[in-house]
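Engineer: First the structure, which I've put down as structure tokens, then a few questions once you've had a look.
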Amino acid sequence: MTKNRKIAVIGAGLGGAAAGALLQQAGYDTRVYEQAPAFSRLGAGIHLGPNVMKVMRRIGIEDKLNAMGSHPTHWFSRDGRSGEYLSRIPLGAFAREEYGAAYITVHRGDLHELMVSTLDQERLYFDKRLVDVDDNGDKVIMTFADGTTDEADLVIGADGVNSRIREKLLGPEAPTYSGWVAHRAIISAEKLKAYDLDFEACVKWWSEDRHMMVYFVTGDEKEYYYVTGVPEPEWNHGTSFVDSSREEMRKAFEGYHPTVQALIDCTETVTKWPLLERNPLPLWHENRLVLLGDACHPMKPHMAQGAAMAIEDAAMLVRCLEEVGADRYQDAFELYRTNRFERASRVQKVSHDNTWLRHDEDPAWVFGYDVYEVPLKQLQHT
Ligand code: FAD
């Protein structure tokens, strides 16, 4: 198989966009198929740690992201009620020196738009919901909801928590509702000026069973964002999110610090999302199909590393294809799994437990990771 044979990426989320961009840069004939008719700037933020910024460097958008994002000097953890500091994790210049790249927080929509812009736009297909794949041994036939078909030599399932490719490999099984929801709201920083309070660039407010993570999503610090984790025994809405309200937020964070109350008072719209998980999967690839990101390891977002794992997966998958050669794609896929499973599963577990950076700890194993420099664990051939 030469590089001009076809690779299909299903899903143009953050993992799929990274995989598509890196494969195209490496010279593979890569097409990306996305079910959405278009993307919109949904109200959400995202952390990009140094581990993921090293992949952004390779894609060629590190400088743009550095200009776009907020650069917190620390990740602070604080007691939700008293405001007492539980941890102060140095980021800023320390992160650049120690971990080899910046730690930034950005608007998720801005990041996504930038990543998608790096794809060959002639090979990016919107409104293409994959409904079936038939791996016939020689190639894969993909069938889309609009009745069209296409074929590829290899298919990457970057199609998120309800992945159709995962279902093809392992059978139908809904993800597990974790029992926690996340509220998300973007607040105009202008409104916060009315308060004599300090709104820090990256802070997580904690109590026994819930938290609120808060940070700026733009470099000019005009947009402030919060995302919560709050227990809610059941999720029966049948949609990926629902509207929430200031009243619901006040109830959920009753007794919390005045800074948190100010954020709730300034909230105009707030949405509520179920947090879904799966146990580590026994299979990441079979024949010509391979999974990455939330398709194979969805997690609670409490380390702010879910997308980072999807993007690292994409980079490692391309590294393994380059290392082994795409002709030996099954070995390349197994090498990829061998080099990703342990790390992704560990991040899934810590995210599930929601202990990350609550107290002072060394985050080097996450932030210091360089997917391009880490020595590859080799396959054990029998
Ligand atoms: P997705 O982003 O879900 O992308 C999948 C794509 O595939 C979508 O565009 C979808 O439309 C498309 N698709 C699905 N099915 C099909 C189909 N059949 N055919 C074609 N296309 C299809 N991660 C971080 O790193 N940092 C954070 O700060 C952070 N905060 C988070 C906060 C919350 C509240 C939540 C819920 C998650 C957060 N995450 C964070 C996690 C992160 O959002 C996910 O881990 C990440 O989006 C996974 O990327 P992905 O590309 O694997 O999947």
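Engineer: Need the failing condition index for A93 against (1) exposed (fewer than 15 other Cβ atoms within 10 Å of the Cβ); (2) assigned to a strand (DSSP E or B); (3) hydrophobic (A, V, I, L, M, F, W, C), just the number.
Structural biologist: (2)
Residue by residue, here is whether (1) away from the ligand (no atom under 15 Å from the Cβ); (2) touching a Cys at 6+ places or on another chain (Cβ under 8 Å) holds:
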site: I61; (1), (2): yes, no
site: L65; (1), (2): no, no
site: P72; (1), (2): no, yes
site: R88; (1), (2): yes, no
site: H107; (1), (2): no, no
site: M115; (1), (2): no, no
site: L130; (1), (2): no, no
site: T143; (1), (2): no, no
site: D146; (1), (2): no, no
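Engineer: Among D146, D110, D132, which is the only one that is surrounded by fewer than 16 Cβ atoms within 10 Å (Cβ to Cβ) and not in a loop (DSSP other than H, G, I, E, B)?
Structural biologist: On the way: D146 fails: not in a loop (DSSP other than H, G, I, E, B); D110 fails: surrounded by fewer than 16 Cβ atoms within 10 Å (Cβ to Cβ).
Among D146, D110, D132, only D132 is surrounded by fewer than 16 Cβ atoms within 10 Å (Cβ to Cβ) and not in a loop (DSSP other than H, G, I, E, B).
Engineer: Hey, could you check the stretch 273-324 for residues that are surrounded by 20 or more Cβ atoms within 10 Å (Cβ to Cβ) and β-branched (V, I, T) and say which is farthest from the ligand (Cβ to nearest atom)?
Structural biologist: Per the stated criteria, the residue is V318.
Engineer: Checking the conditions here, which among V260, V242 is within 16 Å of the ligand (Cβ to nearest atom) and at pLDDT 95 or above?
Structural biologist: On the way: V260 fails: within 16 Å of the ligand (Cβ to nearest atom).
Criteria check complete, one pass: V242.
Engineer: Let me ask you something else. Can you tell me which residues in the stretch 149-166 are closer than 17 Å to G293 by Cα and in a loop (DSSP other than H, G, I, E, B)?
Structural biologist: Of everything in the stretch 149-166, those that are closer than 17 Å to G293 by Cα and in a loop (DSSP other than H, G, I, E, B) turn out to be A158, D159, G160, V161, N162, S163.
Engineer: Are any residues in the stretch 13-42 small (G, A, S) and either in contact with a Phe, Trp or Tyr (Cβ under 8 Å, 6 or more places away or on another chain) or assigned to a strand (DSSP E or B) (or both), and if so, which ones?
Structural biologist: Passing the criteria: A36, A38.
Engineer: Looking at (1) outside any loop (DSSP other than H, G, I, E, B); (2) farther than 15 Å from I59 by Cβ, find the lone condition where P298 falls short.
Structural biologist: Looking at each condition in turn, P298 falls short on (1).
Engineer: List pairs: first residue in the stretch 179-198 and within 13 Å of the ligand (Cβ to nearest atom), second residue in a helix (DSSP H, G or I) anywhere in the structure, Cβ distance under 7 angstrom, at least six positions apart or on different chains.
Structural biologist: H183/M249
The values are calculated or read from the model by the stated rules, or taken from the named source; none is laboratory data. Please read all numbers here as calculations on a predicted model, not as lab measurements. Positions of Cβ are generated from backbone atoms using ideal geometry, with glycine treated the same way; all protein chains shown enter the neighbour counts.
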